[in-house]
Amino acid sequence: MASLTSLWYNAWQSRLRRASHTSLRNKTVLTAFNAVIDKIIPYNVEKFHSFFAHFQPEHRSILRKSKTQLGRVDSPQALISMFIHAFKTGKAIHVQTNNELLEFFAKNYSTSTSLGGQAGIIANQFALLGATPILYTPQLSPQLAGLFSPRVKFPVSRKNSLSFNSIR
């Protein structure tokens, strides 16, 4: 008698085989809301050590702030508190910030930019697979729009009509 695990595994493999023969051409999918710009700073021991050491005189207030998860980070000190909290808890943290902090990092550290957020990533993946994805996000900046495939559409409402234009 087959185990329940092997039955589920075989059913899953069968569904994957059928799905791999399904074309997404001429299919439209809607993804919505969480599309963000991820700024990535490669970890470098020396750079991070010097970054933390620079704020040594403020270590008490930084440690005090690190006891709670911050929802918004607007200064290098608050960012250190967020790092310490993340390292202590072992959890990834998503925070909002301001342009000044982003410019500080761009000036002092090598960064890369990528598309983040499930809706954004899924829209680009569907575009690669040949579908016509429509993405809706309440905040769409020109920089965020530039990270999408030109195949991704965005809903635009004008005078009682709705059109779907390239997100770019």
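The values are calculated or read from the model by the stated rules, or taken from the named source; none is laboratory data. Please read these numbers as outputs of a predicted model, since none were measured by experiment. Neighbour counts run over all protein chains shown; Cβ positions are idealised from the backbone, glycine included. Accessible surface is based on the protein model in full, side chains and every heavy atom, while ligands, DNA and RNA are left aside. Shrake-Rupley method; radii C 1.70, N 1.55, O 1.52, S 1.80 Å.
Between 0 and 90 degrees, the angle of helix 45-54 with respect to the longest Cα principal axis of the chain falls at about 50 degrees. To put it simply, the accessible area of the chain at a 1.4 Å probe is 57 percent carbon and sulfur.
How many percent of DSSP beta bridges within the chain run antiparallel, rounded to 5?
Details: 11 of 18 bridges.
Rounded to the nearest five, the antiparallel share is 60 percent.
For ARG72, ARG60, give the ranking by accessible area with the largest first, probe 1.4 Å. Present the calculation step by step, with values, prior to reporting the outcome.
Numbers: ARG72 110, ARG60 175 Å².
These residues rank, largest area first, as ARG60, ARG72.
Within the same chain, lysines fewer than 8 places from LYS107 are excluded, and of the rest, those with a Cα less than 25 Å from its Cα are LYS39, LYS47.
The C-alpha atoms of the chain define a longest principal axis, and helix 4-19 lies at about 70 degrees to it. The stretch 7-46 and the stretch 92-155 have Cα centres separated by 16 Å.
Axis angle, to the nearest 10 degrees, between helix 118-128 and the longest C-alpha principal axis of the chain: 50 degrees. Translational diffusion of the chain was estimated from the Stokes-Einstein equation, with Rh taken as the Kirkwood radius over Cα pairs; at 10 °C and 1.306 mPa s the coefficient is 81 µm²/s. Can you return the lysines within cross-link range of LYS88? Criterion is Cα-Cα under 17 Å, with same-chain partners fewer than 8 residues away left out. Of all the lysines, those that pass the test against LYS88 - Cα under 17 Å, at least 8 places apart if same chain - are LYS65, LYS67.
As a calculated quantity, the FRET efficiency between PHE105 and GLN125 at R0 = 25 Å, using C-beta atoms, amounts to about 0.35.
Per residue, how large is the accessible surface of the chain? Use a 1.4 angstrom probe and give square angstrom.
On the way: 11980 Å² over 168 residues.
Heavy-atom accessible area per residue stands at 71 Å².
Computed from label points 7 Å out along Cα-Cβ, the spacing between PHE164 and GLN69 is 3.5 nm. Helix content alone sets the calculated 222 nm mean residue ellipticity of the chain: runs of n ≥ 4 DSSP H residues at -39500 (n - 2.57) each, divided across all residues, give -12500 deg cm²/dmol.
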